[in-house]
Amino acid sequence: MAVGLEDIETALSGILLPQPKRSLTQLNMVRDIGVSEGSVKLTLALTVLSAAERERVQERVRAAIEAIPGVKELAIELVEQPLQELNQFDRVIAVMSGKGGVGKSLVTALLAIALTRHGHQVGILDADITGPSIPKMFGLKARPTGSENGILPVETRSGISVMSLNLLLPHEDDAVIWRGPLLAKAITQFWQEVLWGKLDCLLVDLPPGTADIPLTVMQSLPLSGVVIVSTPQDLANMVVRKAVHMAHKLNVHISGVVENMSYLVSPETGKRIELFGRSRGEEMASEAEAPLLGQIPVDPELAALCDSGDIERYNSEPFTSLSSAFIQALPASSRPAEDQTGK
């Protein structure tokens, strides 16, 4: 029986790492497959794994491939490759706001969940170094694994890859007291020294403001676009406009605007209450020259799920509407067409 390339790829796609629970093919560790008359040669880039984990992976690969009918011989070659050559992103989208406390991390999490539910492979780079909240919302406690050559992100229950400084701290409430250059360097390391593998979308949760970290991300990362987060307050909108102007000055495409804390639905009457004044979402979207993707209400259920680390269980009509609008507004893939096969 002749051995086909698809047989080999299927076997390799079933070999998952413990954390994140993604396959060798999803992490782009399989660099080449050669098949000729029952002889199989695999080229693997296991750079980020520890020596012990490399051995375990090779044993599992050998067992899976040699179990395929028709395989007579197997050779495995290990190569060292920079992680940047292994990472492939269809899109990189930053979520930003000039003001703190508007729910930027919440929107990042909801957009990641929306993409995942639509079948996309998603990652979150938590660039809010001094105020990270992404791990808490997803209930993440595991520490990233890896080696001196790089690290692997942690995966949420629904399969979202997450990298956050809070996952590396001894205690989640430890303060990060760093100056700007160190903060910017940390973001560069999360980009260059984390094995994300193949992702349909990497979301970058930016800290508030228009200083070092947002500037580093906008100038150093190949952004496909940004999503602006605002709230109804006029004061908040004044500051958020600074982020819009920054994106325009740096020629970064604004994919859309999300208005958070837009209203509260009274549980007794079902009436909308505008806690922070009338909505200014349409005005902000017009100024950003981008669509208004959605208006998120103040929702006690959502707040409770975030506090308990169960945000992936959230569902509501406003969230469904936001999900649909965001999927439609996604910028075109930044990867060449030939690279998008077999994700």
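Sorting 254, 134 by the number of Cβ atoms found within 10 Å of their own Cβ, with the fewest placed first, yields 254, 134. Name the trypsin sites (Lys or Arg not before Pro) in segment 93-171 that are in a loop by DSSP and that have at most 13 other C-beta atoms within 10 Å, would you? Here the sparse-neighbourhood loop sites are 141, 157. Annotation: lysines with alpha-carbon distance below 29 angstrom to residue 41 (same-chain offsets under eight excluded): 21, 72, 198, 343. Distances longer than 32 Å among the Cα atoms of the chain: what percent of all pairs is that? That fraction is 34 percent. Among 284, 238, 218, the largest mean-square fluctuation in a Gaussian network model of the chain (Cα springs under 10 Å) belongs to 238. Think of each Lys and Arg Cβ as +1 and each Asp and Glu Cβ as -1; about the Cα centre, that makes the dipole of the chain roughly 380 debye.
Here's the list of lysines a cross-link from residue 249 could span, going by alpha-carbon distance under 24 Å and ignoring same-chain residues fewer than 8 apart: 99, 104, 185. Dipole size of segment 5-81 about its Cα centre, with +1 on Lys/Arg Cβ and -1 on Asp/Glu Cβ: approximately 300 debye, rounded to the nearest 20. Among 317, 268, 53, whose mean-square fluctuation peaks in a Gaussian network model of the chain (Cα, cutoff 10 Å)? Looking only at 317, 268, 53, the biggest GNM fluctuation is shown by 268.
Applying the criteria of a DSSP loop state and at most 14 other Cβ atoms within 10 Å to the GluC sites (Glu not before Pro) of segment 73-143 yields 80.
Laboratory data are not the source of any read-out in this text; all were calculated from the coordinates shown. Owing to the predicted nature of the structure, the values given are computational and were not obtained by experimental measurement. For neighbour counting, all protein chains shown are included, and Cβ atoms are generated from backbone atoms with ideal geometry for every residue, glycine included.
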